[in-house]
1. Tell me the strands (runs of 3 or more DSSP E) entirely within the range 42-108 that contain at least 3 residues that are in contact with a strand residue (DSSP E or B) (Cβ under 7 Å, 6 or more places away or on another chain) and closer than 12 Å to Glu124 by Cβ.
2. Among the residues of the range 1-23, count how many are more than 15 Å from the chain's Cα centre (by Cα) and in a loop (DSSP other than H, G, I, E, B).
3. Pull up the range 109-126, narrow it to residues that are within 14 Å of the chain's Cα centre (by Cα) and part of a strand (DSSP E or B), then point me to the one that is farthest from Ser17 (Cα to Cα).
4. Looking at Gly78, Gly94, can you tell me which residue is at pLDDT below 95, more than 17 Å from the chain's Cα centre (by Cα) and either farther than 17 Å from Arg14 by Cα or among the basic types (Lys, Arg) (or both)?
5. Could you tell me whether Ile81 is β-branched (Val, Ile, Thr) and either touching a Cys at 6+ places or on another chain (Cβ under 8 Å) or surrounded by 18 or more Cβ atoms within 10 Å (Cβ to Cβ) (or both)?
6. Out of all the residues in the range 90-106, which are surrounded by 11 or more Cβ atoms within 10 Å (Cβ to Cβ) and of a type in the set (A, V, I, L, M)?
7. Of all residues in the range 1-25, which are closer than 12 Å to Thr62 by Cα and of a type in the set (A, V, I, L, M)?
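The values are calculated or read from the model by the stated rules, or taken from the named source; none is laboratory data. Keep in mind that this is a model prediction, so the values were computed, not measured. Cβ placement follows ideal geometry from the backbone for every residue including glycine, while neighbour counts extend to all protein chains displayed.
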Amino acid sequence: MNTDPIADLLTRLRNASRVNLHSCTMPYSKIKENILKIMLEKKFIKKFEITKDEKFPEILVTIEENRKLNLKRISKPGQRIYVKKENIKLLRSGLGTRVISTSKGVITDEEARKQNLGGEIICEIY
């Protein structure tokens, strides 16, 4: 049983990138899909697709070659980390991005600053 699906997603991607695998699979969920859309938009991954062949859908993620992903889970099930709109700072001088869950959905820290939204910091990607 997996109690933290987001940490599972980040760990699978981190491990695959460290051993130079070009793809990895994981169970599907909407929050994972939203995080992967952000990673695709920011070009941290090459592509992802949802396979619904079996009883339980899966996500197949293709990673850029020789790309070392640095993924860090911030808010955990035991300790949620929230940030106010005034306190959202740049990550690594703008080279990285934070994924934030807001009332408008899962967005990047850059979009949250533009829309004046705070929320729960899910993870950092750089």
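1. Once the strands (runs of 3 or more DSSP E) in the range 42-108 are filtered for at least 3 residues that are in contact with a strand residue (DSSP E or B) (Cβ under 7 Å, 6 or more places away or on another chain) and closer than 12 Å to Glu124 by Cβ, what remains is 71-73, 97-102.
2. Initial filter on the range 1-23 (more than 15 Å from the chain's Cα centre (by Cα)): 1-3, 18-23.
Then drop every residue that is not in a loop (DSSP other than H, G, I, E, B), which leaves 1-3, 19-22.
So the answer is 7.
3. Restricting to residues being within 14 Å of the chain's Cα centre (by Cα) and part of a strand (DSSP E or B), the top hit is Glu120.
4. Values: Gly94 fails: more than 17 Å from the chain's Cα centre (by Cα).
When all the criteria are applied, what remains is Gly78.
5. In short, no.
6. Once the filter is applied, which keeps residues that are surrounded by 11 or more Cβ atoms within 10 Å (Cβ to Cβ) and of a type in the set (A, V, I, L, M), the range 90-106 yields Leu90, Leu91, Val99, Ile100, Val106.
7. Leu13, Ala16, Leu21
Let's see how each residue does on (1) surrounded by 17 or more Cβ atoms within 10 Å (Cβ to Cβ); (2) in contact with an Asp or Glu (Cβ under 9 Å, 6 or more places away or on another chain):
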site: Asp8; (1), (2): no, no
site: Phe44; (1), (2): yes, yes
site: Glu54; (1), (2): no, no
site: Pro77; (1), (2): no, yes
site: Ile88; (1), (2): yes, yes
